[in-house]
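Heads up, the thing below is written out as structure tokens.
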2 protein chains.
Amino acid sequence: MGEFYKIVFIGSGNVAYHFSLELYKKGHKIIQIFSHNEKTAKELALKVNSEYQTDINAINKNADIYIISIPDDKISEICLKLNLVDKLVLHTSGLKEMEILHNSSENIGIIYPLQTLTKNKPANLSKAPICIEANNEINLRKVKSLAESISSNVIEITSQQRKIIHLAAVFACNFTTRMYAIAYDLLKKENIDFKILIPLIEETAMNAQYGDPAILQTGPAKRNDINTIREHQLLLSDKPDYKNIYTFITENILKQNIH
Amino acid sequence: MGEFYKIVFIGSGNVAYHFSLELYKKGHKIIQIFSHNEKTAKELALKVNSEYQTDINAINKNADIYIISIPDDKISEICLKLNLVDKLVLHTSGLKEMEILHNSSENIGIIYPLQTLTKNKPANLSKAPICIEANNEINLRKVKSLAESISSNVIEITSQQRKIIHLAAVFACNFTTRMYAIAYDLLKKENIDFKILIPLIEETAMNAQYGDPAILQTGPAKRNDINTIREHQLLLSDKPDYKNIYTFITENILKQNIH
């Protein structure tokens, strides 16, 4: 394990929550949680033995590292107000380029966790890929040391690659979660416990390890089974949103069959 | 474990393949594989020490149980040709009613595996739900005994419930597999190894155990992060199919935020 750092978090959402808890647990000192949301800032500060702040002008200037973990479209704006000169400033966004941090400091980098994190449940970060980047070797070494106290799976990734990884993660995580939620909703209407699908969901996820997931595609679309597809569309006739999603993904699978 | 049966399989696709292998392994006697596809019939027959047949008029009439595992829209047609009088005839379809088997015999039932099965890889059936149904108690007992030699998770399910479970499974399995495949394709173009997504995919699937998956929804749509959504749509501008899927699922998640 590397050095211990004094850290200020800017933001108190899902990523700030799990990162600060994890870093605190590993011996780093969280000296301030800044957020416009006083309630979540206070709650998080309590958990990591830190003070909290809602006034951007009262940001503590004595930290080693500042981690900005706020909505993407607010990062540039807050950087203009930070004035951290040569402190190391990181953001945790999957999409935004590292360079947008340059308004806040000359030492900048990225620490992006490729994991789904919500306050509703404990994080599973120890093996999650943490994508890092920095504007020079010294900063990269610091970010790496920090990231390694969160996960054993730290990877250097460019801003361009990170953007695509983030987009791919939306399909592989956010959209599959929505598919599960639609399945849950369909079953609920028939009083069928969603748990019946768990072995199937687990097997489907496990299958992803075998390489190109297209090889293990199954189901009516894969079989060109147009009658089943029509019956499914009929079953969804009172759910136009689900029917549209069903139809678009099905057509996309049918197209793969031709190639 | 119950009785051992003499079984004829009608079909040599993914389900017939894994069911016959599993039943053979557990001591049942597979006496015939019937299929119009001589190649797959022969291959499977070899594996389960059975004979094979491509002529429907030469179906062996001495089995205890006949398992029809062919495309849904072919089941009714083949039943008319079977003439099995009082033999127990089952099908493995998620969608089709049990009653369509009545043209083949007076003793009928369902044995539907809620699992993704392809010949490309070993099946994981031992804990997969097997949905069963039969037209009387005696037949139900037989189907149950047969199904229990495949899985410890045998559930009695009506044809109406099975239809909805099958539809839900298309979302939870087939469509998530397509989401993984799209993610794979996006990463491949940037020379990024798909393995980077495996911890995220596993965590997302694990999360489904916690109840309504909508509670653990994350991502730009969940955050109403319209700028990120626009940037993602821009990244997908040369992939209109992916962009459409992205847009439809995103809009569906955005709608949930309002409720």
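Just so you know, all these numbers are worked out from the coordinates, no wet-lab data involved. Note that the coordinates shown come from a computational prediction; the quantities given were computed from them, not determined experimentally. Here Cβ is always computed from backbone atoms with ideal geometry, including for glycine, and neighbour counts include all displayed protein chains.
Greater than 19 Å separation of Cα atoms is the criterion. Which listed pairs, A:Lys222/B:Lys39; B:Lys39/B:Lys61; A:Lys222/B:Lys74; B:Lys6/B:Lys87, meet it? From A:Lys222/B:Lys39; B:Lys39/B:Lys61; A:Lys222/B:Lys74; B:Lys6/B:Lys87, over 19 Å: A:Lys222/B:Lys39; B:Lys39/B:Lys61. For chain B, treating each Cα as an identical point scatterer without solvent, what Debye log10 I(q)/I(0) comes out at q = 0.10, 0.11 1/Å? Values returned for q = 0.10, 0.11 Å⁻¹ are -0.62, -0.72. Enter the Cα centre distance for the pair region B:96-158 and region A:122-178, rounded to the nearest angstrom. For region B:96-158 versus region A:122-178, the Cα centre distance is 44 Å. Three semi-axes describe the equivalent ellipsoid of the protein assembly as shown; taken as square roots of 5 times the Cα gyration tensor eigenvalues and ordered largest first, they are 53, 21, 20 Å.
Label separation (B:Asn227 vs A:Asn191): 5.0 nm, computed from points 7 Å beyond Cα along the C-beta direction. A viscosity of 0.692 mPa s and a temperature of 37 °C, combined with the Kirkwood radius over Cα pairs in Stokes-Einstein, give a translational diffusion coefficient for region A:163-258 of 221 µm²/s. For the residues B:Ser151, B:Ser20, B:Ser237, a GNM of chain B with alpha-carbon springs under 10 Å puts the largest fluctuation on B:Ser237. B:Asn62 label point (Cα plus 7 Å toward Cβ) to equivalent points in the other copies: 9.2 nm, shortest first.
Multiplying the residue separation of B:Asn49 and B:Lys25 by 0.36 nm and removing their Cα-Cα distance gives an extension gain of 7.6 nm. Volume per residue of the convex hull around the Cα atoms, evaluated for region A:6-157, comes out as 97 Å³.
Each residue in A:Arg162, B:Arg223 was given a count of other beta-carbon atoms within 10 angstrom of its own, and listing them fewest first yields B:Arg223, A:Arg162. Residue order for B:Arg230, A:Arg178, fewest other beta carbons within 10 angstrom first, comes to B:Arg230, A:Arg178.
Restriction of the trypsin sites (Lys or Arg not before Pro) in region A:32-82 to DSSP coil positions whose beta-carbon has at most 15 other beta-carbons within 10 angstrom yields A:Lys61.
GNM remark for chain B: springs join alpha carbons under 10 Å apart, and the peak mean-square fluctuation among B:Ile249, B:Ile110, B:Ile33 falls on B:Ile249. The Cβ shell under 10 Å around A:Ile30 holds other residues with a net charge of +2, Lys and Arg each +1, Asp and Glu each -1. Cross-linked pairs A:Lys121/B:Lys239; A:Lys239/B:Lys96; A:Lys96/B:Lys189; A:Lys42/A:Lys121; A:Lys195/B:Lys25; A:Lys189/B:Lys144: Cα-Cα separations exceed 23 Å for A:Lys121/B:Lys239; A:Lys195/B:Lys25; A:Lys189/B:Lys144.
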